[in-house]
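What follows is one structure encoded as C-alpha cells, with my remarks underneath.
The values are calculated or read from the model by the stated rules, or taken from the named source; none is laboratory data. Given the structure is predicted, the values throughout are model-derived calculations rather than measurements. With ideal geometry, Cβ positions are generated from the backbone for all residues, glycine too; neighbour counts draw on all protein chains shown. Heads up: the accessible areas ignore ligands, DNA and RNA and are worked out on the full protein's heavy atoms, side chains in. Shrake-Rupley method; radii C 1.70, N 1.55, O 1.52, S 1.80 Å.
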Amino acid sequence: SAMYGRYTQELGVYAKEEAARLREEGVRRPSVAERSRSLELLENDKGRCAKCRICTVRCQKFLISCVGEDWIFLILLGLFMALLSWLVDFGIGICLQSQKWMYVNLEGNVFLQYLAWVTYPVVLITFSAGFTQILAPQAVGSGIPEIKTILRGVVLKECLTFKTFVAKVIGLTSALGSGMPLGKESPFVHIASLGASLLCKFMSLFGGIYENESRNMELLSVACAVGVSCVFAAPIGGLLFSIEAMSTFFTVRNYWRGFFAATVTAFMYRVLAVWNRDEVTITALLPTNFRQDFPFDLQELPAFAVLGIVSGFGGALFVCLNRQIVQLIRNQKTIKKFLMKKRLLYPALVTLLVSTLTFPPGFGQFMAAKLTQMESLETLLDNHTWSKQGIPEEFDSNSHSQAWKHPQVNVFVTLTLFVVMKFWMSALAMTMPVPCGAFMPVFVIGAALGRLVGESMATWFPDGVHSDGTIYPIEPGVYAAVGAAALSGAVTHTVSTAVVVFELTGQISHILPVMIAVILANAVAQSLQPSLYDSLIMIKKLPYLPELGWGHHEKYNICVEDIMIRDVMYITLNCCYRDLHDVLLAGHLKTLALLESSESMILLGSIERAQLQALLSLQLGRPRRLKYLRDRATAESRLSVVSHPSSEDGSTMVNQEVHFQISTEETSLSSTPTPSMKPLKPALKRPSVVDHPTEIPMPTSKKWEENQLDEQVNFDNCMIDPAPIQLVERTSLHKTHTIFSLLGLDHAYVTSIGRLIGVVSLKELQKAIEGSVAVKGVNVRPPLASFRDSGTSGTIMNNENKARDLHKLWNRRKSMSLPQEHRASDPDEKSK
C-alpha cells in the first residue's frame, strides 16, 4: 500500500505538471505562428536587403571605376589648386593692404611711417622662415629643383608630405604678403605637385590604381602644368613651360591630361575672381590694348632683337649673381657659423635692408616703391607713352602710373634705378630660407627693361613710324611685354614664356617680336650659364644629369669603359650568409649585382639591399634564436630526466628552470626591435643580437651564429630583378646620357658577352660630361680601349674570340635556372 500510495502520489504530481505544460503550449502556439509570420517577413526583408546590397555594391564599383578615371582626378586637382591659388592671393592682398593702410594713416610722422614700413615685412618674413623651419625645412625655396629631381627618378619622400604642403602654403602667403621681391609661380608648382601626391594617396582608398608609382609620377608632371596655370591663368603656356622646365623627355600621353587639368584650373581661377566681383567677366589676368591693325613696323625689329640679346646677358648675370651670393655665405666660415646659430637673423636683416631702400619717402620714391608687383606690371604694360622728347607726360592722378613720375627725375632714371635695384634685391631675397620663387620678380624686371627701351624708342622717334601716309606712334607697352618674356625665358631657359605673355595680356598680335627676342635671349643665356633651376639643383647638391653642350663632339668619343667603376660589389648564387654580412657592412649601395660565380662573372640579375637585409635578419633573427634555445633547453631537460629517473621533483625543477630561462630570454629579446625589411644595424654591428649574454653561454651562442653565417644563402623567397639595365663597354657617352635621361636611371651595369665588368652611376656620368675625365681617352686607358683605333684584323680576331666565349657561356647558361619567387609565366610558356 505504501508503494501504491507513493505511485498514485507521483502520478498526481506528473498529471499536474503535464497539465501545466499543455497550458503553456496553448499560450505559446500563437507566438509560434507569429514567429513564422515574422520569419516570412524577415525573408522578404532579406531579399529586399540583398537587392539593395547588390545595388550598393554595383554603385560602389561604378564609382570606384569612375574615380579611377583620369578626368575625375584632373578635375579635382584643377578645382582644388584654383581655389588654393585664389585663397593665397586673397591672403597676400590682405597683408599688402594692411601695410599700405598703416603707411597712409601714419602720414604725419615719417619716423613712425618708416617703422611700420620696415617692421611689418620683417615680422612676416621671420614668421615665414620660423614656421617653415619648425614644420618642414624642405619647403624652403622654389620647389621646382626638387620636383625636377623627383621626375628624374630620384626618391625625395620628405618633399611630398602633408607637413611640407602646410608649411609651403602658409609660408608662401606670409612671405609674399611682406611685399618683398619674391615670386609665386615656382612654389606653386611644388604645391600643385604636393596636392597631386596627397590626392593620389586619398584616391588610393577607393581604388588600387593610384598605388602605381609610375602612374603617380605621370600625374606629378601634369601637376607642374597646373601649378603654372593657376598663377597666370595660362593653360597652354603653363603646360609648355612645365615641359620645358621640368622634363628632359616628355610622355606624350600626358599631353591631354596636362591641357585638361590646366584649362580647368585656369577657368576656375578666373571664375572665382568673377564670383568675388573683382572682374565683370572672364578676361586675361593683365589685359592690354595694343594696336591691332599695325602692331609694329619692320624698323622696330632690330630694337626687339637688341632687347632679346640684352635680356640674355641679364638672365645669365641674374643666375650667376644668385649663385655667388649663396657661395659667399657658405665659404665665409664665421658668417656661416653665426647664421647657423641665428637662423632667423639672416632673413630679418635682408628684409630690413630691402625695406629700408624701398621706403617711399626715402630712396623708394625714385623706383615706384609704393606699387606692388602686379600694379607695377600693369602700369609697365600700359600702351601710352610716359615721356615725349624726355619731358614727362601728364599722368592721370588716379592711375598707378603716377608713381613713376618724379618732379626732379625723368622716367628714364626711375626705370633704370628700378631695374638695377630690383635686380640685385631679387637675387638676394631668393637666398632667404622662406618659400619663394624668382619668376615673377624677373618677369617684372624684364618688363621694366623693355619699358626703358620702348620709352627710348618713343623719344628717338617722337613722331612715330610713318606708313602709307599714316603716323603710328611707338607703344612702349609692347616693348615691356617683349622684355618680360625675354628676361624670364633667359633665366629659366624656356621659350614658352612667350606663350605665357600672350595668355597673360590676351593679345597675340606681337608674336613675331616676342619670339625673336625670346629665342635670342635663350641662345645667349644658354651659352653662358645653366638655367636658374639647374643652378639651384647644383647649390642644393641634388643628384642631377647635366645636358651635353653644343659643339662638344670630342665627348662623343668617350665610351662607357672609360668612365665606369671596375671594382664592383656583388654577390654570387652560391654565396653564404657571411658574404651577405660583409657586403652589407662594406657599402651603402641600394642594389647589388647577383652573379653566377666569381669565376664566370655572369650577371644573373640584381637584388635590392632591403631584400638582402631581410634574408640576413631571417637567418640571425629572433625566431631562429628562440627555436635554437628551446631545442637546446629540451635536450638538456631530457638529459637531466635520463640521468635522474627516480627524482620526480628534480625533473620538475629542471623543467621550471628551463621554462624560466626561455621566458627571460624572450623578455630580453622583446625589448629589442623586431627585424624588418629595413637594415638590422644592431645585428650587423655586434656579434649577437641577444642583449644579456650571461643567460646563455657565450661560446655556444657565438658558435651558433658562426654556423648560421656559414650556411649557403637560399634565394628562393627573394625578389630578384632578372633584367637590370645593362650597357656594353663600347656604348658611347651620348647614348648612355640618353638612356639615363629617358629611363631616369641611377646606375647601370656594364657587361661584356654576359660577364659583369663594371658599373656606371649618375656621378661618373656627371663627371664625364662636366669635363673631369680627359677628353681624348682616359688618364689610364683600359685594355679594350686600345682596340678602338686599331686595324680590322685585330677587331676580327677580337670578335672571333668573343663569339667563341659567347658560345661557351650560352651552353653553360642553358643548364642554369635563376631562382625566382613566382613562376606564373611557366604554364603560359608551356601552352605556347
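In this entry, Cys95 is excluded by the filter for residues that are assigned to a helix (DSSP H, G or I), at pLDDT 75 or above and not assigned by the TED database to the domain that holds Tyr255.
Just one residue in the set Asn289, Asn322 is touching a residue at least 60 places away in the same chain (Cβ under 8 Å) and open to solvent by 70 Å² or more (accessible area, probe 1.4 Å); that residue is Asn289.
Residue check: is Thr164 assigned to a helix (DSSP H, G or I), open to solvent by less than 20 Å² (accessible area, probe 1.4 Å) and within 24 Å of Tyr533 (Cα to Cα)? So Thr164 passes the test. Inspection of segment 549-560 finds no residue satisfying the criterion of being outside any loop (DSSP other than H, G, I, E, B), in contact with a Pro (Cβ under 9 Å, 6 or more places away or on another chain) and surrounded by fewer than 17 Cβ atoms within 10 Å (Cβ to Cβ). The conditions are (1) at pLDDT 90 or above; (2) under 12 Å from the mean Cα position of the chain (by Cα), and Phe162 fails exactly one of them. Which is it? Of everything listed in (1) at pLDDT 90 or above; (2) under 12 Å from the mean Cα position of the chain (by Cα), Phe162 misses just condition (2). Residue count for segment 449-495 under the criterion of being buried (at least 20 other Cβ atoms within 10 Å of the Cβ), outside any helix (DSSP H, G or I) and at negative phi: the result is 3. Listed conditions (1) within 16 Å of Arg451 (Cβ to Cβ); (2) open to solvent by 30 Å² or more (accessible area, probe 1.4 Å) are all met by Thr379, apart from (2). Looking at segment 296-314, is at least one residue closer than 26 Å to Asn383 by Cα and without any contact (Cβ under 8 Å) to a residue 24 or more places away in the chain? Yes, segment 296-314 contains a residue that is closer than 26 Å to Asn383 by Cα and without any contact (Cβ under 8 Å) to a residue 24 or more places away in the chain.
Residue count for segment 238-256 satisfying the condition of being buried (at least 24 other Cβ atoms within 10 Å of the Cβ) and either in contact with a Gly (Cβ under 9 Å, 6 or more places away or on another chain) or in the same structural domain as Leu504 (by the TED database) (or both): 3. The criterion of being at pLDDT below 90, open to solvent by 40 Å² or more (accessible area, probe 1.4 Å) and either closer than 30 Å to Thr149 by Cβ or of a type outside the set (Phe, Trp, Tyr) (or both) does not hold for Asp297. Trp424 fulfils the conditions (1) crowded, with 23+ Cβ neighbours inside 10 Å; (2) modelled with pLDDT of 90 or more except for a single criterion, (1). Quick check on segment 327-374: of everything there that is in a loop (DSSP other than H, G, I, E, B) and of a type in the set (S, T, N, Q), which residue is farthest from Thr126 (Cα to Cα)? My answer is Gln332. Applying the selection to segment 526-538, what residues are touching a Ser or Thr at 6+ places or on another chain (Cβ under 8 Å) and either in a helix (DSSP H, G or I) or aliphatic (A, V, I, L, M) (or both)? Result: Leu532, Tyr533, Leu536, Ile537. Taking segment 713-732 as the region of interest, how many residues are assigned to a loop (DSSP other than H, G, I, E, B), touching an Asp or Glu at 6+ places or on another chain (Cβ under 9 Å) and surrounded by fewer than 17 Cβ atoms within 10 Å (Cβ to Cβ)? Counting residues in segment 713-732 that are assigned to a loop (DSSP other than H, G, I, E, B), touching an Asp or Glu at 6+ places or on another chain (Cβ under 9 Å) and surrounded by fewer than 17 Cβ atoms within 10 Å (Cβ to Cβ) gives 4. Within segment 527-552, residues that are closer than 23 Å to Val760 by Cα have Cβ atoms under 6 Å from residues that are in a loop (DSSP other than H, G, I, E, B) and at pLDDT 75 or above in these pairs: Ile537/Tyr544; Pro543/Val154, counting only partners at least 6 apart in sequence or on another chain. Given the structure, is Ala175 within 30 Å of Ile508 (Cα to Cα) and either open to solvent by less than 30 Å² (accessible area, probe 1.4 Å) or touching a Cys at 6+ places or on another chain (Cβ under 6 Å) (or both)? In short, no.
Filtered by the rule that a residue be touching a residue at least 12 places away in the same chain (Cβ under 8 Å) and outside any helix (DSSP H, G or I), segment 499-525 gives Gly506, Gln507, Ser509, His510. Scanning segment 212-265 for residues that are touching a Lys or Arg at 6+ places or on another chain (Cβ under 9 Å) and among the β-branched types (Val, Ile, Thr) gives Val222, Val231, Thr248.
Matching residues to (1) in contact with a Gly (Cβ under 9 Å, 6 or more places away or on another chain); (2) surrounded by 15 or more Cβ atoms within 10 Å (Cβ to Cβ):
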position	(1), (2)
Val88	no, yes
Ile92	yes, yes
Leu96	yes, yes
Gln99	yes, yes
Asn105	no, no
Phe111	no, no
Tyr114	yes, yes
Tyr120	yes, yes
Leu124	yes, yes
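Test Asp710 against the criterion of being at pLDDT 80 or above and either touching a strand residue (DSSP E or B) at 6+ places or on another chain (Cβ under 8 Å) or open to solvent by 80 Å² or more (accessible area, probe 1.4 Å) (or both), and give yes or no. Judged against the criteria, Asp710 is not a match.
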